[in-house]
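Student: Sharing a structure below in structure tokens format, with a few things to ask.
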Amino acid sequence: MKESLATVLEEKPPKDGDSNFEWLSVSKVKTFKDCPAKFRYTYIEKLPRKTWDFHIFGSFLHRVLELFHERRLEGNEELDHILISKCFKDSVKEFPKINMDQISDSKKIISQYLEKLAVERRDGTASEVVAVEDSFYIDIDGKVLLNGFIDLVKKDPDGLLHVADYKTSKSKKYLKKDFLQLKTYAYVKCLEDPSIERIRASYIMLRFGFEEIAKEFTRDEVMSMEKYFLEYANSIQAEKLWRPNTGPLCRFCDHLDVCESGQEAIYGKNDQFGAVSW
């Protein structure tokens, strides 16, 4: 296989460098693929984003689990239920907008996680957590700065390194066909460690008893991501029209109030008198 075009950076580089250097993440690429207009509103015009309840809920659960594993890595040896209870209370303080229904749902999910940990410990199938919120900055050919965070990095009982992303989605269907995020995280780890020849990656479904939608990748498979991100950087830099891709999901767009095409897709087209068409 040809030599990698990428360099792992030890720390976050300044953003005010080379203008030809395109900062990319999985979410930015997905936004551009889904709707160039949304990309322009979000990343170029930097319009304010809405605060959605499902974002608060997801971020809260992420934080509880992050604190739990962080404190384990720091050497905390308290019983699981005691430690995670403290992490839960600390997270509530960090999220003043979380409501009581969300707190109740979160408690049920965390209880399932405690049950999962107990079963794995009993059966000897527990993975070793090696990192949480693992940040990365990858310079690809001096043209792309790939950056992001990996929710969880662990070593499974069979010895494979395993990168994972928590999901609070109510549906598993779309994730079983979309492995861009997982393939990117696998690429990052293979780049950081040249000895890795095979790696496991999964979406951890928090609403489904922490079920893992998992996939394994070879080094050759994930190293193709360099070309993928370079191509998207070129497409973004060449974009001139920023056309919206409209549909039912426009209802959940942060920028619906400034996108006439999105409003038309959701509410219908106004006639000359301003009335909404049926």
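Student: Identify, please: which residue in the stretch 237-276 is more than 25 Å from the chain's Cα centre (by Cα) and on the phi > 0 side of the Ramachandran plot and is, among those, modelled with the highest pLDDT?
Tutor: Looking at the filtered set, the residue picked out is Gly268.
Student: Exposed (fewer than 15 other Cβ atoms within 10 Å of the Cβ), part of a helix (DSSP H, G or I) and not polar (S, T, N, Q) - does that describe any residue in the stretch 2-20?
Tutor: Looking through the stretch 2-20, none of the residues is exposed (fewer than 15 other Cβ atoms within 10 Å of the Cβ), part of a helix (DSSP H, G or I) and not polar (S, T, N, Q).
Student: While we're on this one: Among the residues of the stretch 241-262, is there at least one that is of a type in the set (Gly, Ala, Ser) and in contact with a strand residue (DSSP E or B) (Cβ under 6 Å, 6 or more places away or on another chain)?
Tutor: Looking for residues that are of a type in the set (Gly, Ala, Ser) and in contact with a strand residue (DSSP E or B) (Cβ under 6 Å, 6 or more places away or on another chain), one finds none in the stretch 241-262, hence no.
Student: In addition: Is there any pair linking a residue in the stretch 98-119 that is more than 15 Å from Phe54 (Cα to Cα) to one that is of a type in the set (Ser, Thr, Tyr) and in a helix (DSSP H, G or I), with Cβ under 9 Å and at least six apart or on different chains, and which?
Tutor: The qualifying pairs are Ile110/Ser85.
Student: Same structure, new question: On the basis of being touching a Pro at 6+ places or on another chain (Cβ under 9 Å) and either surrounded by 13 or more Cβ atoms within 10 Å (Cβ to Cβ) or among the acidic types (Asp, Glu) (or both), does Ala37 make the cut?
Tutor: Here the answer is yes, as Ala37 does meet what is asked.
Student: So which residues in the stretch 139-168 are farther than 30 Å from Pro14 by Cβ, touching a strand residue (DSSP E or B) at 6+ places or on another chain (Cβ under 7 Å) and among the small types (Gly, Ala, Ser), if there are any at all?
Tutor: Ala164
Student: Name the single residue that is surrounded by the fewest Cβ atoms within 10 Å (Cβ to Cβ) among those in the stretch 95-109 being over 20 Å from the mean Cα position of the chain (by Cα) and in a helix (DSSP H, G or I).
Tutor: Met100
Student: Okay, moving on. Taking only the stretch 59-102 into account, find how many residues are under 18 Å from Ile204 (Cα atoms) and aromatic (Phe, Trp, Tyr).
Tutor: 2
Student: Okay, moving on. Residues in the stretch 232-248 that are touching a residue at least 60 places away in the same chain (Cβ under 8 Å) and part of a helix (DSSP H, G or I): how many?
Tutor: 5
Student: Residue check, Val29 against (1) in contact (Cβ under 8 Å) with a residue 24 or more places away in the chain; (2) open to solvent by 60 Å² or more (accessible area, probe 1.4 Å); (3) assigned to a helix (DSSP H, G or I), all met but one. Which one?
Tutor: Answer for Val29: the failing condition is (2).
Student: Still on this structure, I have one more. Take the residues of the stretch 229-272 that are closer than 30 Å to Thr7 by Cβ and out of contact with any Asp or Glu (no Cβ under 8 Å at 6 or more places or on another chain): which is least open to solvent (accessible area, probe 1.4 Å)?
Tutor: That would be Phe229.
Student: While we're looking at this one, here's another question. Which of the following residues is at pLDDT 95 or above and touching a Cys at 6+ places or on another chain (Cβ under 6 Å): Leu79, Leu67, Leu73, Leu114?
Tutor: Going through Leu79, Leu67, Leu73, Leu114 in turn, just one is at pLDDT 95 or above and touching a Cys at 6+ places or on another chain (Cβ under 6 Å): Leu67.
Student: Which pairs do you get when a residue that is within 16 Å of Leu114 (Cα to Cα) and open to solvent by less than 10 Å² (accessible area, probe 1.4 Å), found in the stretch 50-70, comes within reach of a residue that is assigned to a helix (DSSP H, G or I) and of a type in the set (S, T, N, Q), reach meaning Cβ atoms under 6 angstrom, with the pair 6+ apart or on two chains?
Tutor: Between residues of the stretch 50-70 that are within 16 Å of Leu114 (Cα to Cα) and open to solvent by less than 10 Å² (accessible area, probe 1.4 Å) and residues that are assigned to a helix (DSSP H, G or I) and of a type in the set (S, T, N, Q), the close pairs are Leu61/Ser106; Val64/Ser91.
Student: Hey, Lys177 hits all of (1) surrounded by 14 or more Cβ atoms within 10 Å (Cβ to Cβ); (2) at pLDDT below 95 but one; which does it fall short on?
Tutor: (1)
Student: Just to be sure I understand the filter: pairs with C-beta atoms under 8 Å, separated by 6 or more residues or on different chains, first member in the stretch 125-138 and open to solvent by 40 Å² or more (accessible area, probe 1.4 Å), second member of a type in the set (Phe, Trp, Tyr). Which pairs pass?
Tutor: If the second residue must be of a type in the set (Phe, Trp, Tyr), the pairs left are Glu133/Phe149; Ser135/Phe149.
Student: Here's a check for you: in the stretch 32-65, which residue that is assigned to a loop (DSSP other than H, G, I, E, B) and under 19 Å from the mean Cα position of the chain (by Cα) is farthest from Tyr166 (Cα to Cα)?
Tutor: Cys35
The values are calculated or read from the model by the stated rules, or taken from the named source; none is laboratory data. Values in this document were obtained by computation on a predicted structure and should not be read as measured data. Cβ atoms come from the backbone with ideal geometry, glycine included; neighbour counts cover every protein chain shown. Ligands, DNA and RNA are excluded from the accessible area calculation, which covers all protein heavy atoms including side chains. Shrake-Rupley method; radii C 1.70, N 1.55, O 1.52, S 1.80 Å.
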